[in-house]
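What follows is a set of notes on a single structure, which appears directly below.
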Protein chains: 2
Amino acid sequence: TVRNLAMEKVAETVKFPCKYASNGCTMRLLHTEKRIHETNCERRPYACPCPGTSCKWEGPLDDVLNHLLTAHKTITTLGGEDIVFLATDIHLPGAVDWVMMQCCFDHYFMLVLEKQERHEGHQQFFAVVQLIGTEKEANAFRYKLELVGHGRKLTWEAKPRSIHCSISSVICSNDCLIFETAMASHFGDNGNLAINVTIYKTSYY
Amino acid sequence: TVRNLAMEKVAETVKFPCKYASNGCTMRLLHTEKRIHETNCERRPYACPCPGTSCKWEGPLDDVLNHLLTAHKTITTLGGEDIVFLATDIHLPGAVDWVMMQCCFDHYFMLVLEKQERHEGHQQFFAVVQLIGTEKEANAFRYKLELVGHGRKLTWEAKPRSIHCSISSVICSNDCLIFETAMASHFGDNGNLAINVTIYKTSYY
Ligand SMILES: [Zn+2]
Ligand SMILES: [Zn+2]
Ligand SMILES: [Zn+2]
Ligand SMILES: [Zn+2]
């Protein structure tokens, strides 16, 4: 055990390069810090942001849009700052995802609605807008999601998250619009749900 | 059994007065309709709208406010159409209620925030505004609840419900702002949560 302690002392002071050094990361880290850094490293590859698929693609940010447009052709893209994201058949049982893209301010945004049983026996909807860009670029924007119907209105406004952050971790941190499946009946119509999505440039906001 | 059938036939056609006839209800009902009507009868007494207490008071609408001001003196009342409902110690464990009153447009409104485990193991907040008045009078108003903080905003707008409808049935029908306890951390500050409450006259809205 004396020897282990000695080894630990060495390990505690030796610094290793980040595994994304070849992507340009210059960080050198203690082995205790290495994993946490790499999970969040700005130079880590981007995973395919398309939820609910088994797509294992990952690559640089510059290739994400091309990947989506070629490998996920069913995703609709709408242009404009103010669009309607229409989710159909919201009563379908089980975990379901609805995805579309919005193009405005020379950027592409992913709009995601997820029905999920985060707590056992209690399904909820989670809706969020993510920028196909870095977390830093995302700081230049805000988005608003709005559900309207039967004299009621539910609104969520926030900064979009970068797709660098997985949709599951965005939902996990509650950084999204969350509403009850039963709540959807106030807003839905024939099993369809229209979400008004508006994107703003922060400086205009 | 022939005799029972005959009795049932009689019961199916005999009409009984509503049990709130002495309060002015003139309805006469088949015994099969009687209970449903009485649960919703406009002439039924008002129960004490104060949630989370064991108060068993009930009486006419005209006496509700007096009851609240004398029997529930700890409830704060603020005047104005646009106020801040400050809930303190929102991290207190278990089911907790926060209540205050808002006075504007010559009416009193009850503001209620409830922390409740509607689904086992999953605590949520429920916030709603109720009019101390009839459901018909409530049609003249709308209210907005707004949570703001850390670059995020969550808003709920709806018609206030009459206190004639119990808070539990309002929550049960999802006719309120619902948010995760974890969501409160985006908006709360030192365990306190400020909810901006605005009441509108429908005609101004
Ligand atoms: Zn790195
Ligand atoms: Zn993909
Ligand atoms: Zn009656
Ligand atoms: Zn009472």
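Couple of notes before you dig in:
- On inspection, B:Arg44 qualifies as closer than 16 Å to B:Leu61 by Cβ and either away from chain A (no Cβ under 14 Å) or within 16 Å of ligand 4 (Cβ to nearest atom) (or both).
- Filtered residues of region B:123-140 (kept if in a strand (DSSP E or B) and within 11 Å of chain A (Cβ to nearest Cβ)): B:Gln123, B:Gln124, B:Phe126
- Taken over region A:101-127, the criterion of being within 16 Å of A:Thr181 (Cα to Cα) and in contact (Cβ under 8 Å) with a residue 12 or more places away in the chain is satisfied by A:Val112, A:Leu113, A:Glu114, A:Lys115, A:Gln116, A:Glu117, A:Arg118, A:Gln123, A:Gln124, A:Phe125, A:Phe126, A:Ala127.
- Verdict on A:Leu154 being buried (at least 21 other Cβ atoms within 10 Å of the Cβ) and facing chain B (nearest Cβ under 7 Å): yes
- Some residue of region B:173-189 being within 15 Å of the chain's Cα centre (by Cα) and free of Cβ contacts under 8 Å to residues at least 24 places away in the same chain: yes
- Residue, nearest to the other protein chains (Cβ to nearest Cβ), within region B:75-122, restricted to residues that are hydrophobic (A, V, I, L, M, F, W, C) and outside any strand (DSSP E or B): B:Ile90
- Total residues in region B:41-66, condition within 20 Å of B:Val170 (Cβ to Cβ) and not in a loop (DSSP other than H, G, I, E, B): 6
- Here the condition is being exposed (fewer than 10 other Cβ atoms within 10 Å of the Cβ) and either within 16 Å of ligand 4 (Cβ to nearest atom) or more than 14 Å from every other protein chain (Cβ to nearest Cβ) (or both); of B:Leu65, B:Leu5, B:Leu30, it holds for B:Leu5 alone.
Condition check ((1) aromatic (Phe, Trp, Tyr); (2) at pLDDT 95 or above; (3) in the same structural domain as B:Val128 (by TED's automatic domain parsing)) across all residues:
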site: B:Glu8; (1), (2), (3): no, no, no
site: B:Glu12; (1), (2), (3): no, no, no
site: B:Phe16; (1), (2), (3): yes, no, no
site: B:Lys19; (1), (2), (3): no, no, no
site: B:Ser22; (1), (2), (3): no, no, no
site: B:Met27; (1), (2), (3): no, no, no
site: B:Glu33; (1), (2), (3): no, no, no
site: B:Cys50; (1), (2), (3): no, no, no
site: B:Val64; (1), (2), (3): no, yes, no
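- Restricting attention to region B:164-196, the residues that are hydrophobic (A, V, I, L, M, F, W, C) and within 16 Å of A:Trp156 (Cα to Cα) total 9.
- Pairing each residue of region B:68-90 that is free of Cβ contacts under 8 Å to residues at least 12 places away in the same chain with any residue that is assigned to a loop (DSSP other than H, G, I, E, B), provided the two are 6+ apart or on different chains, yields C-beta distances under 9 Å for B:Leu69/B:Ile75.
- Hey, B:Glu58 exposed (fewer than 14 other Cβ atoms within 10 Å of the Cβ) and either without any contact (Cβ under 8 Å) to a residue 24 or more places away in the chain or within 16 Å of ligand 1 (Cβ to nearest atom) (or both) or not: yes
- If the condition is being modelled with pLDDT under 95, under 18 Å from A:Glu146 (Cβ atoms) and surrounded by fewer than 19 Cβ atoms within 10 Å (Cβ to Cβ), then region B:176-205 contributes only B:Tyr205.
- Any hit, region A:175-186, residues being more than 29 Å from B:Arg118 (Cα to Cα) and outside any strand (DSSP E or B): no
- Residue within region B:54-66 that is small (Gly, Ala, Ser) and more than 16 Å from ligand 3 (Cβ to nearest atom) present: yes
The values are calculated or read from the model by the stated rules, or taken from the named source; none is laboratory data. All of these numbers come straight from a predicted model, not from anything done at the bench. No Cβ is skipped: glycine too gets one built from the backbone with ideal geometry, and neighbour counts run over all protein chains shown.
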